[in-house]
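This report refers to the structure that appears directly beneath it.
The values are calculated or read from the model by the stated rules, or taken from the named source; none is laboratory data. Since this is a predicted model, take the numbers as computed values, not measurements. Positions of Cβ are generated from backbone atoms using ideal geometry, with glycine treated the same way; all protein chains shown enter the neighbour counts.
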Amino acid sequence: MSEAHCLASQRNRSVQGSFKPPRAPRVRSGFAQRLIHHRMINIEDFAKVEVRIGKIISAEKVEGSEKLLKLSVDLGEASPRQILSGIAKAVPEPESLVGKMVPIVSNLEPRQMMGMESQGMMLCADNGVPVLLHPASEVPPGSIVK
């Protein structure tokens with residue numbers, strides 16, 4: 001082996017040995033893990049999603065479910081919407097949500113869960129348990145999130 005080849009090989013080993021790639025964030029939930037491998041969407045697809053800030057008027061546990069809360073949310077419309085959200089384990093006292101402002105996907109088709117209709121989806125962060133998101137300052141119910 002030539003001297004130049006040996007030096008290049010030695011240099012590569014020392015560089016490779018000192019390089020440590022950044023650690024990926026730890027993902028705890030299966031749902032969040034699936035999101036990592038999602039498909040990219042274009043801006044037109046993203047523009048179809050309408051997110052509005054809603055004010056929670058009432059919150060209660062859904063009988064027969066460990067995960068679901070039934071929320072009544074003011075989105076600045078003629079009447080409040082019923083939103084079913086899987087945050088019950090993260091919110092032991094549902095009444096503590098009353099008056100909170102939260103982001104809601106407002107243009108989802110209604111969905112039946114536990115015999116009730118959900119008329120939107122509350123957005124949360126996922127840290128193994130749902131983490132509620134709130135605007136940094138008060139905004140009117142129905143404000144569009146851009």
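Scan the stretch 91-124 residue by residue and report those that are within 13 Å of Ala59 (Cα to Cα) and in a loop (DSSP other than H, G, I, E, B). Scanning the stretch 91-124 gives Val91, Pro92, Glu93, Val98, Gly99, Lys100.
Would the stretch 31-43 turn up any residue that is surrounded by 14 or more Cβ atoms within 10 Å (Cβ to Cβ) and modelled with pLDDT under 95? Please lay out each step first, then the result.
In the first step, residues of the stretch 31-43 are kept if they are surrounded by 14 or more Cβ atoms within 10 Å (Cβ to Cβ); the result is 32.
Of the ones still in play, those that are also modelled with pLDDT under 95 are 32.
Looking through the stretch 31-43, at least one residue is surrounded by 14 or more Cβ atoms within 10 Å (Cβ to Cβ) and modelled with pLDDT under 95.
The C-beta contact set for the stretch 71-88 (first residue at positive phi, second residue surrounded by fewer than 19 Cβ atoms within 10 Å (Cβ to Cβ) and of a type in the set (Gly, Ala, Ser), distance under 9 angstrom, 6+ apart or interchain) comprises Gly76/Gly142; Gly76/Ser143. Would you mind stating whether Ser118 is surrounded by 15 or more Cβ atoms within 10 Å (Cβ to Cβ) and either without any contact (Cβ under 8 Å) to a residue 12 or more places away in the chain or under 16 Å from Leu69 (Cα atoms) (or both)? When the stated conditions are applied, Ser118 passes them.
Residue-level check: of (1) at negative phi; (2) in contact with a Leu (Cβ under 9 Å, 6 or more places away or on another chain), Met114 misses just (1).
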